[in-house]
Amino acid sequence: MKTADLIDDRASKLTLVHLPFRRFGQGRSFAAPVQTVKCFEDNAVVRAQLETPGEGRVLAVDGGGSTRIALLGDMLAEIAIKNDWAGIVLNAAIRDSAEIDRMDTLVYALGTSPVKSAKKGWGEAGCPITIGGAAMKPGDWLYGDADGVLHSTERLI
């Protein structure tokens, strides 16, 4: 089901993840449970999560809205695909955007930056986050397609 149709039918159970996302990758859509990460300009925890079995989940990352540093590049996107992550939603920037755009994945990010992140492990996985006005926790659901990203605390489709 398209996000536009989903919100028309179930608006009371959905929150728009309201950010000026750019969409990358060849993936068309996802409807999947969420795993969360909170970090700032350091992608070590993002990498650690993507190296685990995704089991069809979406990784939602609150990167503090920074577009100065990229939290995801082509190498991490390849790891995500290999480990069965349905997609990635970043309140942050990516790099290697042309390469990611050719991959079989779906990534939403605020923009791009050529600058790589720190790798010190500053961050936390599996914690509640709020991005784009949507408060989410692991196990919630995200729905994404060409029109944007929606959040629900429960599976709707």
Can you find a residue in region 148-156 that is modelled with pLDDT of 95 or more, closer than 30 Å to ASP9 by Cα, among the basic types (Lys, Arg) and over 13 Å from the mean Cα position of the chain (by Cα)?
yes
Quick one: would you say ALA109 is closer than 24 Å to HIS18 by Cβ and touching a Ser or Thr at 6+ places or on another chain (Cβ under 6 Å)?
no
Residue that is modelled with the lowest pLDDT [pool: residues in region 107-131 that are assigned to a loop (DSSP other than H, G, I, E, B) and among the hydrophobic types (A, V, I, L, M, F, W, C)]
TRP122
Out of everything in region 67-85 that is crowded, with 23+ Cβ neighbours inside 10 Å and among the small types (Gly, Ala, Ser), what residue ends up being nearest to GLY25 (Cα to Cα)?
ALA77
I'd like to check something: does region 43-66 contain any residue that is exposed (fewer than 14 other Cβ atoms within 10 Å of the Cβ) and under 24 Å from ASP5 (Cα atoms)?
yes
Can we say ILE7 is surrounded by 16 or more Cβ atoms within 10 Å (Cβ to Cβ) and within 28 Å of ALA118 (Cβ to Cβ)?
no
Flagged in region 7-38 as under 15 Å from ALA70 (Cα atoms), of a type in the set (Phe, Trp, Tyr) and either part of a strand (DSSP E or B) or free of Cβ contacts under 8 Å to residues at least 12 places away in the same chain (or both), in numbering order, are PHE24
Per the filter on region 142-157, residues in contact with a strand residue (DSSP E or B) (Cβ under 6 Å, 6 or more places away or on another chain), exposed (fewer than 15 other Cβ atoms within 10 Å of the Cβ) and among the aliphatic types (A, V, I, L, M) are ILE157
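The values are calculated or read from the model by the stated rules, or taken from the named source; none is laboratory data. Since we're looking at a predicted model, the values are computed, not measured. We place every Cβ from the backbone using ideal geometry, glycine too, and count neighbours over all the protein chains shown.
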